[in-house]
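Just below is one structure, and these are the notes that go with it.
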């Protein structure tokens, strides 16, 4: 009994020292990761879209297995369903396209092949978005959160742990879904505003008696202006989802913080959006003509061309999600640098005023 009673204080003292050293080591690790995060962000806060793409490639090389796992488990199934349109009812698409053509004709737009193709494309996208919405709010949103988590782990020099991610996502899933739903409402509102404005402009030109060609040109100008506004809305919504993963804000607050954060970096965001959109549209066109439409041969190449195009599309989506996360860190670092510059300017003004008054 005496030996055990004498050894227990020593064991408890050694255990306390060990726990204290572990806590100190954990605090030092957190401080190191924070310093690394800030110093690394300052290296690319004012870069172009090409530099953000290079930074994305560097992060992909650092955690290639985690990002490839996200692409294989979460992005590829959604990409296969989107490209193949297996959930889209073509009869609904045809009816909606016919109604859009009737509305366009009544507003004075000439029913050119371009107008017919645009109406059919928009009807197909609307039906596909409605039928695939459960996939968007589950697998697609989960892939966004996983990519943001992996990028954050790369910057903080931590290992990507699936169990930690699942524990984290169970706590923040509600605010991510809330932000995503608000983003969907913003996008739907932009599209509704565009169609109302387009119909108003075309109807006005029709009432004034202008010829249909001028009406078509006016519609093209409205479409170009709207495309820029719509791209900005998409960028704000994407960054808002990233913010809701990393920061304890959601819904309108995340959207407002996103719009303030990308101020001054809109051109970079537009270039990122343009590059991703062109890449996805190119692969969708290839899938349409090489897999869905039998345009050559006996169709035996569909066996390998279809999965290959799905993998390519998933990779483009993965790069787009990663670039959105990197763009967030770039905008945040730019905001921190600007605030530091303002603080230094204020301190310099106070110092000059103090010296002018004669205060030592």
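The values are calculated or read from the model by the stated rules, or taken from the named source; none is laboratory data. All of these numbers come straight from a predicted model, not from anything done at the bench. Neighbour counts are summed over all protein chains in view; Cβ atoms, including those assigned to glycine, are modelled from backbone coordinates with ideal geometry.
So which of 24, 56 is surrounded by 13 or more Cβ atoms within 10 Å (Cβ to Cβ) and either within 23 Å of residue 281 (Cβ to Cβ) or modelled with pLDDT under 50 (or both)? Walk me through how you get there before you give the answer.
On the way: 24 fails: surrounded by 13 or more Cβ atoms within 10 Å (Cβ to Cβ).
Going through 24, 56 in turn, the sole match is 56.
So how many residues does region 222-257 have that are assigned to a helix (DSSP H, G or I), surrounded by fewer than 15 Cβ atoms within 10 Å (Cβ to Cβ) and in contact (Cβ under 8 Å) with a residue 60 or more places away in the chain? Please lay out each step first, then the result.
So in region 222-257, the residues assigned to a helix (DSSP H, G or I) come out as 222-246, 252-257.
Checking the rest, the ones that are also surrounded by fewer than 15 Cβ atoms within 10 Å (Cβ to Cβ) come to 223-225, 227-229, 252, 256.
Still in the running and in contact (Cβ under 8 Å) with a residue 60 or more places away in the chain: 252.
Residues in region 222-257 being assigned to a helix (DSSP H, G or I), surrounded by fewer than 15 Cβ atoms within 10 Å (Cβ to Cβ) and in contact (Cβ under 8 Å) with a residue 60 or more places away in the chain: 1 in total.
Based on what the data block shows, is residue 115 over 30 Å from residue 203 (Cβ atoms) and in a helix (DSSP H, G or I)?
On the way: over 30 Å from residue 203 (Cβ atoms): no; in a helix (DSSP H, G or I): yes.
When the stated conditions are applied, residue 115 does not pass them.
Using the structure shown, decide if residue 165 is modelled with pLDDT of 90 or more and out of contact with any helix residue (DSSP H, G or I) (no Cβ under 7 Å at 6 or more places or on another chain). Outline the logic, then answer.
Details: modelled with pLDDT of 90 or more: yes; out of contact with any helix residue (DSSP H, G or I) (no Cβ under 7 Å at 6 or more places or on another chain): no.
So residue 165 does not fit the description; no.
Being assigned to a helix (DSSP H, G or I) and either more than 18 Å from residue 315 (Cα to Cα) or touching a strand residue (DSSP E or B) at 6+ places or on another chain (Cβ under 6 Å) (or both) is true for just one of 264, 275, 269, 279. Which residue is that?
Details: 264 fails: assigned to a helix (DSSP H, G or I); 275 fails: either more than 18 Å from residue 315 (Cα to Cα) or touching a strand residue (DSSP E or B) at 6+ places or on another chain (Cβ under 6 Å) (or both); 279 fails: either more than 18 Å from residue 315 (Cα to Cα) or touching a strand residue (DSSP E or B) at 6+ places or on another chain (Cβ under 6 Å) (or both).
After ruling out the rest, the residue left standing is 269.
Considering (1) at pLDDT below 90; (2) surrounded by fewer than 14 Cβ atoms within 10 Å (Cβ to Cβ); (3) in a helix (DSSP H, G or I), say which one residue 219 fails and leave the rest.
Condition (2) is where residue 219 drops out.
Residues of region 170-202 being over 27 Å from the mean Cα position of the chain (by Cα), over 21 Å from residue 126 (Cα atoms) and surrounded by 15 or more Cβ atoms within 10 Å (Cβ to Cβ), which ones?
If the condition is that a residue be over 27 Å from the mean Cα position of the chain (by Cα), over 21 Å from residue 126 (Cα atoms) and surrounded by 15 or more Cβ atoms within 10 Å (Cβ to Cβ), then 201, 202 are the ones that fit.
Criterion first (closer than 20 Å to residue 142 by Cβ and modelled with pLDDT under 95) does residue 83 satisfy it? Please lay out each step first, then the result.
Working: closer than 20 Å to residue 142 by Cβ: yes; modelled with pLDDT under 95: yes.
Yes, satisfied.
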